[in-house]
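What follows is one structure encoded as C-alpha cells, with my remarks underneath.
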Amino acid sequence: MSKDFLLEIGTEPMPARFVAPVLFQLLEKTQAALKENRLGYVGAQSLGTLRRLAVCVCGVDEKSSALAREVQGPPARLLKDEHGRFTPQAEGFARKQGVAPEALEVVSTPKGEFLLARLSLPGESALKILARILPEVIVSLEFPKSLEWEESRLRFGRPIRSLTAIFGKSVVSFRLAGVRSGRKIAGLPGPGYRPVVLSVGGEYRDKLRDLLVLVDPDERRLILVKRLEKAAEEAGGRLDLEGGLLEETVFMTEHPVPVVGRFREEFLRLPAPLLKMVLKGQLKFFPLLGAQGLISSFVGVRDGVSEGQAAVREGFERVLTARLEDAAFFLGRDAKTTLEAKLPMLARVTYQNKLGSMAEKAERVEALAEWMCAELRHRDMPLNEDAVSDIAALAYADLVCETVKEFPELQGTMGGHYARHGGLDERVALGIEEFYFPVAARSPVPATLEGAVASLAGKIDSLAGNFAVGVMPTGSADPFALRRQALGALRILLEKQIPLDLGAAVDAALTNLGSKIKLSVEEQRRVRAELQEFIWARAQSFFEEQGFKVDEIRSVREGGLRHLPNTYLRLSAIHSVRQNPEFEPLAAVFKRAANILKQAVQRKEAMPEGGPERAALREPAEIALLDSLDYVSGEMEEHLVAGRFDHCLRSVVNLKPLLDAFFDQVMVLVEDKDLKAARLALLARLVRLIKRVADLSEIQGPEKQAPQPVAAKSV
C-alpha cells in the first residue's frame with residue numbers, strides 16, 4: 001500500500017531569485033534520497049513561494065525494498081593465517097560490509113579466488129526513512145547567500161519558522177534549527193492570519209488556496225499573466241514583458257493582484273530605458289505600451305486580496321512620481337555638458353587598484369582599438385576607423401553621470417543617449433550604447449562592426465589587465481565578470497566574422513599596460529598562456545553547447561584562437577565529415593603516423609624539411625602516396641583559401657586506401673638512413689597537410705566511450 005507525502009519548509013520572506021533554483025534542488029535531492037533508500041514512489045513535484053518551499057510526493061511505498069548485494073573482497077589466501085585465525089584483512093573487510101568473518105565465502109574468478117560478502121538489507125518503514133533523510137535534504141540546500149540565526153548555527157537562505165511533514169495521516173517527526181515538524185500551515189500574513197491543520201498532505205494546495213496562497217508556481221504564473229493582460233487592456237495598452245520581471249513577480253508574491261496606476265505625461269520625455277528602469281528595475285512595475293511606445297500608465301502588483309485598491313494605487317503613484325522626478329533631475333544635470341567634457345572626471349574613478357583609473361583604462365582601450373583597426377585594415381572589412389576610435393574614447397564617460405550612478409545597469413545606454421544629445425554620429429552613439437554587449441550568454445552582440453571592435457577592445461583590455469595583476473576568477477568570485485567578457489569576446493569574433501588573432505591582441509593589450517604594470521618577457525609569456533587557456537576553456541564550453549563533441553573541439557585547439565571564424569568552420573567540417581565511415585579509421589592511421597614522427601623527433605632523426613624527393617623513395621605504395629599528396633595539396637590549397645574545410649577533409653579521406661597500403665607494404669624505420677629520412681619526411685608532409693584543418697590524433701573511436709555502471713540488484 002502507498003501513501004502521499006508532503007514537506008513544507010516555512011521561512012521568512014526570501015529574495016525572489018532564490019526560490020526557483022532552490023525548489024529545483026529540493027525536488028532533485030528528495031528524489032535522490034528516496035532512491036538511495038530504496039523507497040519507491042509514483043511522482044513528485046516541488047511547490048513554493050517566497051515564504052515556503054515544499055515538495056509533494058505521491059504514491060510512496062510504506063516500506064523500502066530489500067536489497068541483496070555481493071561484494072568482492074581481498075584474495076582468498078587472506079581469509080585465515082597459519083594458525084587458523086581470521087586475518088586482519090578478512091576481519092576488516094567483513095566489518096566494513098557489516099557481516100561476521102564466518103559469513104565470508106570464497107569464490108573463483110578468472111583472476112583467482114577471492115573473498116565474497118553476501119549482503120541482505122531488509123526493508124525499512126517509510127516513516128522512519130523520511131524522519132532520517134528530510135533533515136539531511138533540508139541542510140543540503142544551497143543558496144547564493146545564507147544566514148545563521150539560532151544556536152545550532154544552521155545556514156539557510158532565510159530563517160526557518162515552521163516545518164510541515166506528513167506521510168499519509170502521520171506526522172514525520174524530526175527537529176531542525178530549533179523547530180519541531182508538525183502538520184500546521186499558514187496563509188498570507190495580515191489580518192485574520194491563522195494556521196491551519198492538515199489531516200493529510202493531499203489537502204495542501206486546496207487548504208492554502210482557501211488561505212489566499214497560490215503555492216503552485218505554474219498556476220500562479222498563469223493567473224498573474226491573465227490578470228496583468230486584463231489590467232493592461234483596461235488601461236488601453238499592452239504589457240511590456242521584456243526582461244525577467246514576470247518571473248520575479250511570480251516568486252515575490254503568493255496571491256498576485258494587479259493595480260493600474262498613472263504618471264504625468266511629461267515623464268514620457270525621459271529616455272525610454274531610464275523610464276523602464278525606474279518602473280521595472282526599482283519599483284517592479286510593468287510598463288504599458290501603445291502604438292507609439294510607452295504610455296503614461298503602468299501595472300503594479302500587490303500581494304493579497306483586492307480590498308483597498310485605491311489606497312494601494314495612490315501609494316504606487318506617489319512613490320513612482322518621486323523616483324521619476326529624481327531621474328529627470330539627474331538627466332537635466334548630465335545634459336549640461338557633453339560626454340567629451342566628462343572625460344577628465346574619469347581620472348577620479350578607480351578601475352582597479354593596480355590598474356589605475358577609468359581614464360587610464362579608456363586610454364588603453366582606445367590604443368588597443370586602434371591596433372585592432374590596423375590589423376583589420378587589409379581584410380576588406382567595411383570599418384570606419386574614426387568611429388571606432390570615438391566609441392573607444394567615450395565609452396566609459398557616462399560612468400561619471402548622475403543617472404548611471406543612480407542606475408548602474410544603464411551604463412552604456414545613457415552614454416548612447418548623451419552622445420545623440422550632443423550631436424555625435426549615430427554609428428558612434430549606437431556603439432557607445434552597445435559597448436558592454438553582450439550582457440548575457442544569449443543576448444545580442446553590438447549591431448555595427450565599429451561597435452563590435454571597440455567592445456572587443458574593452459573586453460580584451462579587462463582580461464589582460466586583470467590576469468596581469470593576478471585578479472583571476474575563482475570558483476566563487478569573478479568581480480570583473482571576466483568569464484562573461486571572455487565569452488562575449490568570442491561571440492563578437494564569431495558572429496561578426498572578425499579575423500583577428502586573439503593571442504596577438506592579448507600581447508598588444510599587455511604591452512599597453514606600459515609603465516603601469518611592468519612585466520618581464522617571461523611573465524608576459526606566462527600571463528599570455530594563462531589567459532589563452534582561460535579563453536579557450538570558454539570557447540570549448542560554447543562549442544559544446546553548439547553540439548560539438550569534446551574530441552572534435554580538441555582537434556582544432558592548436559591555433560584555434562588565431563582566426564576564430566575559421567576555427568568554427570574547421571570544427572563544423574570535422575563534425576560533418578565524421579559521418580563518413582572512413583573518417584575515424586583515417587584518424588587512427590593519422591595517429592599512427594603522428595606517433596612515428598614524434599618518436600623520430602625524440603630520437604633526433606634527420607629528415608628533409610620540405611618533404612622527400614620522389615627519387616629517394618622505392619616502393620610503389622610510398623610513391624603512390626607521394627603522388628596523391630602532390631595532387632591533394634594543390635586541391636586543398638584552393639579549398640583552404642575559400643574556407644571550404646569540409647572539402648579539404650573529404651579530399652584527405654580519399655587518401656585512406658593509399659595510407660593503408662603504405663603501412664601494410666612499407667617499413668618506415670629501416671637501417672638505410674637516407675631511405676628512413678625520406679619516409680619520415682613523407683609522413684611529416686602528410687601530418688602537416690592534415691593538421692592545417694585538424695589534429696586527427698585527438699579524434700576518439702567508439703571504443704573510448706565510458707561503460708555504463710551496473711546497478712545493485714533489488715529483491
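The values are calculated or read from the model by the stated rules, or taken from the named source; none is laboratory data. Just so you know, these numbers come straight off a predicted model, no measurement behind them. Ideal geometry is used to build each Cβ from the backbone, glycine not excepted, and the neighbour counts take in all protein chains shown.
Wholly within segment 18-132, which strands (runs of 3 or more DSSP E) include no fewer than the required count, namely at least 3 residues that are under 35 Å from the mean Cα position of the chain (by Cα)? Here the list reads 43-49, 52-61.
One line per residue, one yes/no per condition, for (1) touching a residue at least 24 places away in the same chain (Cβ under 8 Å); (2) closer than 30 Å to SER162 by Cα; (3) assigned by TED's automatic domain parsing to the domain that holds PHE251:
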| residue | (1), (2), (3) |
| --- | --- |
| GLU28 | no, yes, no |
| ARG38 | yes, yes, no |
| THR49 | yes, yes, no |
| CYS56 | yes, yes, no |
| LYS80 | no, no, no |
| ALA100 | no, no, no |
| THR109 | yes, no, no |
| PHE114 | yes, no, no |
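Looking across LEU245, LEU163, one residue alone is surrounded by 15 or more Cβ atoms within 10 Å (Cβ to Cβ), touching a strand residue (DSSP E or B) at 6+ places or on another chain (Cβ under 9 Å) and outside the structural domain of GLN282 (by TED's automatic domain parsing). It is LEU163. Does segment 338-346 contain at least one residue that is in contact with a strand residue (DSSP E or B) (Cβ under 9 Å, 6 or more places away or on another chain), outside the structural domain of TYR436 (by TED's automatic domain parsing) and of a type outside the set (Phe, Trp, Tyr)? Within segment 338-346, one or more residues are in contact with a strand residue (DSSP E or B) (Cβ under 9 Å, 6 or more places away or on another chain), outside the structural domain of TYR436 (by TED's automatic domain parsing) and of a type outside the set (Phe, Trp, Tyr).
Checked against (1) within 14 Å of ILE9 (Cβ to Cβ); (2) out of contact with any strand residue (DSSP E or B) (no Cβ under 9 Å at 6 or more places or on another chain), LEU141 passes all but a single condition, namely (2). Listed conditions (1) outside the structural domain of ARG484 (by TED's automatic domain parsing); (2) surrounded by 16 or more Cβ atoms within 10 Å (Cβ to Cβ); (3) within 23 Å of LEU456 (Cβ to Cβ) are all met by GLY559, apart from (2).
To keep it simple, each residue is scored yes or no on (1) in contact with an Asp or Glu (Cβ under 7 Å, 6 or more places away or on another chain); (2) surrounded by fewer than 19 Cβ atoms within 10 Å (Cβ to Cβ); (3) part of a loop (DSSP other than H, G, I, E, B); (4) in the same structural domain as ILE492 (by TED's automatic domain parsing).
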residue: MET414; (1), (2), (3), (4): yes, no, no, yes
residue: HIS417; (1), (2), (3), (4): no, no, no, yes
residue: GLY423; (1), (2), (3), (4): no, yes, yes, yes
residue: VAL428; (1), (2), (3), (4): yes, no, no, yes
residue: ILE432; (1), (2), (3), (4): no, no, no, yes
residue: PHE437; (1), (2), (3), (4): no, no, yes, yes
residue: PRO446; (1), (2), (3), (4): yes, no, yes, yes
residue: VAL453; (1), (2), (3), (4): no, no, no, yes
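Yes or no: segment 201-216 includes at least one residue that is under 30 Å from ARG155 (Cβ atoms) and free of Cβ contacts under 8 Å to residues at least 24 places away in the same chain. Within segment 201-216, one or more residues are under 30 Å from ARG155 (Cβ atoms) and free of Cβ contacts under 8 Å to residues at least 24 places away in the same chain. When segment 618-670 is filtered for residues that are hydrophobic (A, V, I, L, M, F, W, C), free of Cβ contacts under 8 Å to residues at least 40 places away in the same chain and in a helix (DSSP H, G or I), the ones remaining, listed by number, are ILE623, ALA624, VAL641, ALA642, LEU658.
The number of residues in segment 302-323 that are in contact with a His (Cβ under 8 Å, 6 or more places away or on another chain) and at pLDDT 95 or above comes to 0. Out of ALA486, ALA509, ALA504, one residue alone is small (Gly, Ala, Ser) and under 26 Å from the mean Cα position of the chain (by Cα). It is ALA486.
Count of segment 133-155 residues, restricted to those that are outside any helix (DSSP H, G or I) and among the hydroxyl-bearing types (Ser, Thr, Tyr), is 2.
So in segment 580-617, with the set limited to residues that are part of a helix (DSSP H, G or I) and among the basic types (Lys, Arg), which one is nearest to HIS647 (Cα to Cα)? It comes out as LYS591. The combined condition, being closer than 17 Å to LEU510 by Cα and either surrounded by fewer than 19 Cβ atoms within 10 Å (Cβ to Cβ) or outside the structural domain of ASP501 (by TED's automatic domain parsing) (or both), is fulfilled by GLU370.
Being crowded, with 21+ Cβ neighbours inside 10 Å, in the same structural domain as LEU493 (by TED's automatic domain parsing), under 22 Å from GLY503 (Cα atoms) and touching an Asp or Glu at 6+ places or on another chain (Cβ under 8 Å) is a description that does not apply to CYS401. From the list GLU105, GLU150, the one residue that fits, being closer than 30 Å to GLY73 by Cα and among the charged types (D, E, K, R), is GLU105. Within segment 149-172, the set of residues being of a type in the set (Gly, Ala, Ser), in contact with a helix residue (DSSP H, G or I) (Cβ under 8 Å, 6 or more places away or on another chain) and farther than 17 Å from LYS63 by Cα comprises GLY157, ALA165. Picking from residues in segment 568-617 that are aliphatic (A, V, I, L, M) and without any contact (Cβ under 8 Å) to a residue 24 or more places away in the chain, the one that is surrounded by the most Cβ atoms within 10 Å (Cβ to Cβ) is VAL601. Taking segment 164-191 as the range and being more than 15 Å from LEU50 (Cα to Cα) and not in a loop (DSSP other than H, G, I, E, B) as the test, the residues that pass are THR164, ALA165, ILE166, PHE167, SER170, VAL171, ARG175, LEU176, VAL179, ARG180, GLY182, LYS184.
Checked against the criterion of being crowded, with 16+ Cβ neighbours inside 10 Å, over 23 Å from PRO585 (Cβ atoms), in contact with a Pro (Cβ under 9 Å, 6 or more places away or on another chain) and not acidic (Asp, Glu), segment 669-677 contains one or more residues that satisfy it.
Pairs, please: C-beta under 6 Å, at least 6 apart or cross-chain, first residue not assigned by TED's automatic domain parsing to the domain that holds ARG262 and of a type in the set (Ser, Thr, Tyr) and in segment 291-310, second surrounded by 12 or more Cβ atoms within 10 Å (Cβ to Cβ) and assigned to a strand (DSSP E or B)? Final answer for the pair search is none. Can you find, within segment 462-510, the residue that is surrounded by the most Cβ atoms within 10 Å (Cβ to Cβ) among those that are under 25 Å from ASP380 (Cα atoms) and acidic (Asp, Glu)? Out of the qualifying residues, it is ASP507. Among the residues that make up segment 684-703, is at least one of them surrounded by fewer than 15 Cβ atoms within 10 Å (Cβ to Cβ), modelled with pLDDT under 90, over 24 Å from TYR568 (Cα atoms) and not aromatic (Phe, Trp, Tyr)? Within segment 684-703 (the criterion being surrounded by fewer than 15 Cβ atoms within 10 Å (Cβ to Cβ), modelled with pLDDT under 90, over 24 Å from TYR568 (Cα atoms) and not aromatic (Phe, Trp, Tyr)), the answer is yes, since at least one residue qualifies. All told, GLY514 meets the bar of being touching a helix residue (DSSP H, G or I) at 6+ places or on another chain (Cβ under 9 Å), surrounded by fewer than 17 Cβ atoms within 10 Å (Cβ to Cβ) and assigned by TED's automatic domain parsing to the domain that holds LEU376. Do the conditions hold for ALA588, that is, is it more than 34 Å from the chain's Cα centre (by Cα) and hydrophobic (A, V, I, L, M, F, W, C)? Against the criterion (more than 34 Å from the chain's Cα centre (by Cα) and hydrophobic (A, V, I, L, M, F, W, C)), ALA588 does not qualify.
Specify which of the listed residues (HIS647, HIS575) is over 20 Å from GLU671 (Cα atoms), modelled with pLDDT of 90 or more and touching a His at 6+ places or on another chain (Cβ under 6 Å).
HIS647
Could you count how many residues in segment 213-267 are within 35 Å of the chain's Cα centre (by Cα) and in a helix (DSSP H, G or I)? Spell out how you get there, then give the answer.
Narrowing segment 213-267 to residues within 35 Å of the chain's Cα centre (by Cα): 213-229, 238-258.
Next, from what is left, pick out any that are in a helix (DSSP H, G or I): 217-229, 245-250.
Of the residues in that region, 19 qualify.
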